[in-house]
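Notes to accompany the following structure.
The values are calculated or read from the model by the stated rules, or taken from the named source; none is laboratory data. On a predicted model such as this, the values are computed, not experimentally measured, just so you know. Using ideal geometry, Cβ is built from the backbone for each residue, glycine included, and neighbour counts are taken over all protein chains shown. Please note that ligands, DNA and RNA were not included when accessible areas were found on the heavy atoms of the full protein model with its side chains. Shrake-Rupley method; radii C 1.70, N 1.55, O 1.52, S 1.80 Å.
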Amino acid sequence: MATLTDFSLVAQVAVFGNRRAFDELVRRYQSPVRRFFLHQTMGDSQLSDDLAQDTFVKAYLNIRSFRGMASFQTWLMRIAYNVFYDHVRTQSSKFTVQSSESDKAQSNYEPRTMNDEQCTMKYDIHTALGLLKPEERTCITLQLIDGYDIAAIAKITQMKEGT
(Lines give C-alpha, C1' and ligand atoms only; values in the text may rest on other atoms or scores of the structure.)
Protein backbone atom coordinates (compact mmCIF):
# COMPACT_ATOMS: atom_id res chain seq x y z
CA MET A 1 0.00 0.00 0.00
CA ALA A 2 3.03 2.29 0.37
CA THR A 3 3.05 3.09 -3.35
CA LEU A 4 -0.57 4.25 -3.41
CA THR A 5 -1.25 7.96 -3.61
CA ASP A 6 -3.30 9.75 -0.98
CA PHE A 7 -6.09 10.14 -3.50
CA SER A 8 -6.16 6.36 -4.14
CA LEU A 9 -6.24 5.64 -0.44
CA VAL A 10 -9.05 8.15 0.12
CA ALA A 11 -11.03 6.55 -2.71
CA GLN A 12 -10.59 3.10 -1.17
CA VAL A 13 -11.84 4.38 2.18
CA ALA A 14 -14.75 6.37 0.74
CA VAL A 15 -15.97 3.76 -1.73
CA PHE A 16 -15.08 0.44 -0.11
CA GLY A 17 -14.73 1.37 3.56
CA ASN A 18 -11.17 0.01 3.48
CA ARG A 19 -9.86 0.57 7.00
CA ARG A 20 -6.35 -0.55 6.08
CA ALA A 21 -6.22 2.28 3.56
CA PHE A 22 -7.28 4.72 6.27
CA ASP A 23 -4.65 3.24 8.61
CA GLU A 24 -2.06 4.08 5.96
CA LEU A 25 -3.30 7.69 5.80
CA VAL A 26 -3.10 7.91 9.59
CA ARG A 27 0.43 6.49 9.52
CA ARG A 28 1.46 9.10 6.92
CA TYR A 29 -0.03 12.10 8.68
CA GLN A 30 -0.15 11.38 12.40
CA SER A 31 3.20 13.07 13.06
CA PRO A 32 2.38 16.37 11.32
CA VAL A 33 -1.06 16.52 12.96
CA ARG A 34 0.32 15.75 16.39
CA ARG A 35 3.18 18.26 15.92
CA PHE A 36 0.61 20.92 14.94
CA PHE A 37 -1.30 20.29 18.16
CA LEU A 38 1.85 20.21 20.29
CA HIS A 39 2.69 23.71 19.09
CA GLN A 40 -0.86 24.97 19.53
CA THR A 41 -1.11 23.58 23.07
CA MET A 42 2.42 24.68 23.92
CA GLY A 43 3.71 21.19 24.60
CA ASP A 44 0.74 19.45 26.22
CA SER A 45 1.29 16.00 24.73
CA GLN A 46 -1.76 14.37 26.31
CA LEU A 47 -4.11 17.05 24.98
CA SER A 48 -2.32 16.94 21.62
CA ASP A 49 -2.89 13.20 21.36
CA ASP A 50 -6.57 13.60 22.24
CA LEU A 51 -7.04 16.34 19.64
CA ALA A 52 -5.17 14.31 17.01
CA GLN A 53 -7.42 11.34 17.68
CA ASP A 54 -10.50 13.57 17.32
CA THR A 55 -9.08 14.86 14.03
CA PHE A 56 -8.67 11.40 12.56
CA VAL A 57 -12.10 10.27 13.75
CA LYS A 58 -13.67 13.31 12.05
CA ALA A 59 -11.61 12.72 8.91
CA TYR A 60 -12.77 9.10 8.77
CA LEU A 61 -16.41 10.03 9.30
CA ASN A 62 -16.26 12.79 6.68
CA ILE A 63 -13.87 11.30 4.13
CA ARG A 64 -16.57 11.23 1.48
CA SER A 65 -16.63 15.03 1.59
CA PHE A 66 -13.00 15.17 0.39
CA ARG A 67 -13.21 16.63 -3.12
CA GLY A 68 -9.54 16.78 -4.05
CA MET A 69 -9.56 20.57 -4.43
CA ALA A 70 -6.49 20.65 -2.18
CA SER A 71 -4.13 17.91 -1.07
CA PHE A 72 -5.37 15.38 1.46
CA GLN A 73 -2.87 16.77 3.96
CA THR A 74 -4.28 20.30 3.58
CA TRP A 75 -7.83 18.94 3.98
CA LEU A 76 -6.76 17.00 7.09
CA MET A 77 -4.99 20.02 8.58
CA ARG A 78 -8.16 22.06 8.05
CA ILE A 79 -9.98 19.48 10.15
CA ALA A 80 -7.21 19.68 12.77
CA TYR A 81 -7.50 23.47 12.77
CA ASN A 82 -11.26 23.21 13.35
CA VAL A 83 -10.82 20.60 16.09
CA PHE A 84 -8.37 22.88 17.90
CA TYR A 85 -10.58 25.94 17.71
CA ASP A 86 -13.63 23.95 18.77
CA HIS A 87 -11.60 22.91 21.79
CA VAL A 88 -10.50 26.49 22.47
CA ARG A 89 -14.11 27.70 22.27
CA THR A 90 -15.23 25.11 24.83
CA GLN A 91 -12.54 26.12 27.32
CA SER A 92 -13.03 29.01 29.67
CA SER A 93 -9.46 30.19 29.20
CA LYS A 94 -7.63 30.71 25.94
CA PHE A 95 -4.09 29.43 25.56
CA THR A 96 -2.19 32.40 26.93
CA VAL A 97 1.00 32.48 28.86
CA GLN A 98 0.31 32.33 32.53
CA SER A 99 2.58 30.92 35.17
CA SER A 100 0.69 27.62 35.19
CA GLU A 101 0.91 27.35 31.39
CA SER A 102 4.63 28.08 31.47
CA ASP A 103 5.14 25.50 34.20
CA LYS A 104 3.11 22.94 32.25
CA ALA A 105 5.08 23.61 29.08
CA GLN A 106 8.37 23.31 30.96
CA SER A 107 7.31 20.03 32.60
CA ASN A 108 6.80 18.42 29.17
CA TYR A 109 10.51 18.47 28.36
CA GLU A 110 12.53 15.34 28.84
CA PRO A 111 16.03 16.38 29.89
CA ARG A 112 17.25 12.79 29.42
CA THR A 113 16.83 13.13 25.65
CA MET A 114 17.84 16.79 25.22
CA ASN A 115 20.87 18.77 26.21
CA ASP A 116 20.40 21.94 28.26
CA GLU A 117 20.65 24.23 25.24
CA GLN A 118 17.95 22.30 23.34
CA CYS A 119 15.69 22.25 26.39
CA THR A 120 16.12 25.99 26.91
CA MET A 121 15.48 26.77 23.25
CA LYS A 122 12.34 24.63 23.17
CA TYR A 123 11.07 26.30 26.33
CA ASP A 124 11.79 29.75 24.87
CA ILE A 125 9.95 28.88 21.65
CA HIS A 126 6.90 27.64 23.54
CA THR A 127 6.97 30.71 25.78
CA ALA A 128 7.15 33.01 22.73
CA LEU A 129 4.36 31.09 20.99
CA GLY A 130 2.28 31.51 24.13
CA LEU A 131 2.45 35.28 23.76
CA LEU A 132 0.66 35.10 20.42
CA LYS A 133 -3.06 34.94 19.79
CA PRO A 134 -4.14 31.39 18.82
CA GLU A 135 -4.69 32.43 15.19
CA GLU A 136 -1.23 34.01 15.01
CA ARG A 137 0.35 30.96 16.65
CA THR A 138 -1.34 28.71 14.10
CA CYS A 139 -0.01 30.67 11.12
CA ILE A 140 3.50 30.95 12.55
CA THR A 141 3.80 27.26 13.38
CA LEU A 142 2.30 26.12 10.09
CA GLN A 143 4.78 28.20 8.10
CA LEU A 144 7.99 28.33 10.10
CA ILE A 145 7.88 25.00 11.86
CA ASP A 146 5.79 22.74 9.62
CA GLY A 147 6.88 24.32 6.34
CA TYR A 148 3.51 25.03 4.71
CA ASP A 149 3.42 27.74 2.08
CA ILE A 150 1.14 30.75 2.41
CA ALA A 151 -1.45 29.38 -0.04
CA ALA A 152 -1.81 26.15 1.96
CA ILE A 153 -2.07 28.07 5.23
CA ALA A 154 -4.79 30.23 3.71
CA LYS A 155 -6.74 27.10 2.76
CA ILE A 156 -6.26 25.52 6.19
CA THR A 157 -7.24 28.62 8.14
CA GLN A 158 -9.62 30.07 5.56
CA MET A 159 -7.88 33.42 5.95
CA LYS A 160 -6.84 35.61 3.06
CA GLU A 161 -3.22 35.17 2.00
CA GLY A 162 -2.39 38.77 2.90
CA THR A 163 -3.53 38.32 6.49
- Of everything in segment 43-59 that's at pLDDT 95 or above and loosely packed, with under 14 Cβ neighbours inside 10 Å, which residue is nearest to ASP6 (Cα to Cα)? VAL57
- Note on the structure: Flagged pairs (Cβ under 7 angstrom, 6 or more apart or on separate chains; first in segment 127-149, in a loop (DSSP other than H, G, I, E, B); second open to solvent by less than 30 Å² (accessible area, probe 1.4 Å)) are ASP146/PRO32; ASP146/PHE36; TYR148/LEU142
- When SER93 is run through (1) part of a helix (DSSP H, G or I); (2) small (Gly, Ala, Ser); (3) modelled with pLDDT under 95, the failure sits at (1)
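If only one of MET42, MET69 is free of Cβ contacts under 8 Å to residues at least 40 places away in the same chain, not acidic (Asp, Glu) and not in a helix (DSSP H, G or I), which one is it? Spell out how you get there, then give the answer.
On the way: MET42 fails: free of Cβ contacts under 8 Å to residues at least 40 places away in the same chain.
Step by step, each of MET42, MET69 is checked, and only MET69 is free of Cβ contacts under 8 Å to residues at least 40 places away in the same chain, not acidic (Asp, Glu) and not in a helix (DSSP H, G or I).
Could you grab me the full set of residues in segment 124-163 that are of a type in the set (Ser, Thr, Tyr) and open to solvent by 60 Å² or more (accessible area, probe 1.4 Å)?
If we filter segment 124-163 for residues that are of a type in the set (Ser, Thr, Tyr), which is where we start, we get 127, 138, 141, 148, 157, 163.
Hit for segment 124-163 is THR163, nothing else.
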- Item | Filtered residue count, segment 15-42, keeping only those that are open to solvent by 20 Å² or more (accessible area, probe 1.4 Å) and over 20 Å from the mean Cα position of the chain (by Cα) | 6
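Does any residue of segment 97-113 turn out to be in contact with a Pro (Cβ under 7 Å, 6 or more places away or on another chain) and either at pLDDT 80 or above or assigned to a helix (DSSP H, G or I) (or both)? Lay out the reasoning, then the answer.
Initial filter on segment 97-113 (in contact with a Pro (Cβ under 7 Å, 6 or more places away or on another chain)): none.
The answer is no; no qualifying residue exists.
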